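The values are calculated or read from the model by the stated rules, or taken from the named source; none is laboratory data. This structure is a prediction, so every number in the text was calculated from the model and none was measured. Cβ: placed from backbone, ideal geometry, glycine included. Neighbour counts: every protein chain shown. When the accessible area is computed, the model is the full protein with side chains, heavy atoms only, and any ligands, DNA or RNA have been set aside. Shrake-Rupley method; radii C 1.70, N 1.55, O 1.52, S 1.80 Å.
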Amino acid sequence: MIKQTIQLFALPLGAQLAPPERDAFLKVLPCEVQRKVQQYKHWQDQQRALLGSTLIRWALLPYIDDVLLHLAHNEFGRPYIAGHPQWQGDFNLSHSGDWIVLAVTTIGRVGIDVEEIKPVSEDMMIYALSETERQLVSHQPLHVFL
């Protein structure tokens, strides 16, 4: 019987990687992943995709002996490991702002989500809330909504 293990990883986006560093990460990824990473316009988005893809492969190495493992997507866009029927685990990646997080389980399904906390402005409250809702919350400090 396989013991279930759940691992969580958190990686900061960090400063922009120098081109040699970025290229070192890119060259170990499959060609289709390299193309996807390079399609992003902003360096932050490229770096999130690059580090996220690298983190997935690194975290799964103890369980799947294939550095260039093939990730596919189901009909809902959720990634999974293709071609490894013995793998009964799961993984899930999320990123927002300056953080990339990954959850891995050896058995079953796992999910993770991270969201950057941004200040709530009064302009946003006017846009998002009805007049009645604004009246209900008008006596609450804005930090209540964080």
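All conditions in (1) at pLDDT below 90; (2) closer than 18 Å to Val110 by Cα; (3) loosely packed, with under 10 Cβ neighbours inside 10 Å hold for Glu75, with the sole exception of (1).
Being within 30 Å of Asp23 (Cβ to Cβ), in a loop (DSSP other than H, G, I, E, B) and open to solvent by 100 Å² or more (accessible area, probe 1.4 Å) is the requirement here; does Asp113 meet it? Steps first, answer last, please.
Values: within 30 Å of Asp23 (Cβ to Cβ): no; in a loop (DSSP other than H, G, I, E, B): yes; open to solvent by 100 Å² or more (accessible area, probe 1.4 Å): yes.
Spelling it out, it is not the case that Asp113 is within 30 Å of Asp23 (Cβ to Cβ), in a loop (DSSP other than H, G, I, E, B) and open to solvent by 100 Å² or more (accessible area, probe 1.4 Å).
Taking each residue of the range 88-112 that is over 14 Å from Arg78 (Cβ atoms) and of a type in the set (D, E, K, R) and looking for partners that are open to solvent by less than 20 Å² (accessible area, probe 1.4 Å) and not in a strand (DSSP E or B) with beta-carbon atoms closer than 8 Å, six or more apart or interchain, yields Asp98/Leu13. If you filter the range 46-72 down to residues that are open to solvent by 40 Å² or more (accessible area, probe 1.4 Å) and in a loop (DSSP other than H, G, I, E, B), you find that the one that is modelled with the lowest pLDDT is Val67.
Only residues that are in a helix (DSSP H, G or I) and surrounded by 10 or more Cβ atoms within 10 Å (Cβ to Cβ): list them for the range 15-31, please. Full working, then the answer.
Initially, the range 15-31 is screened for residues in a helix (DSSP H, G or I), giving 19-27, 31.
If the condition is that a residue be in a helix (DSSP H, G or I) and surrounded by 10 or more Cβ atoms within 10 Å (Cβ to Cβ), then Glu21, Arg22, Asp23, Ala24, Phe25, Leu26 are the ones that fit.
Among the residues of the range 32-45, the one identified as part of a loop (DSSP other than H, G, I, E, B) and surrounded by 11 or more Cβ atoms within 10 Å (Cβ to Cβ) is Tyr40.
Considering the range 81-110, and only residues there that are touching a Gly at 6+ places or on another chain (Cβ under 8 Å) and farther than 25 Å from Leu13 by Cβ, the residue that is surrounded by the fewest Cβ atoms within 10 Å (Cβ to Cβ) turns out to be Gly108. So Pro12 clears everything in (1) surrounded by 11 or more Cβ atoms within 10 Å (Cβ to Cβ); (2) closer than 20 Å to Val114 by Cα except one condition, right? Which one? Every condition holds for Pro12 apart from (1).
With respect to Phe76, is the statement that it is more than 13 Å from the chain's Cα centre (by Cα), without any contact (Cβ under 8 Å) to a residue 40 or more places away in the chain and not in a loop (DSSP other than H, G, I, E, B) true? For Phe76, the condition - more than 13 Å from the chain's Cα centre (by Cα), without any contact (Cβ under 8 Å) to a residue 40 or more places away in the chain and not in a loop (DSSP other than H, G, I, E, B) - is not met.
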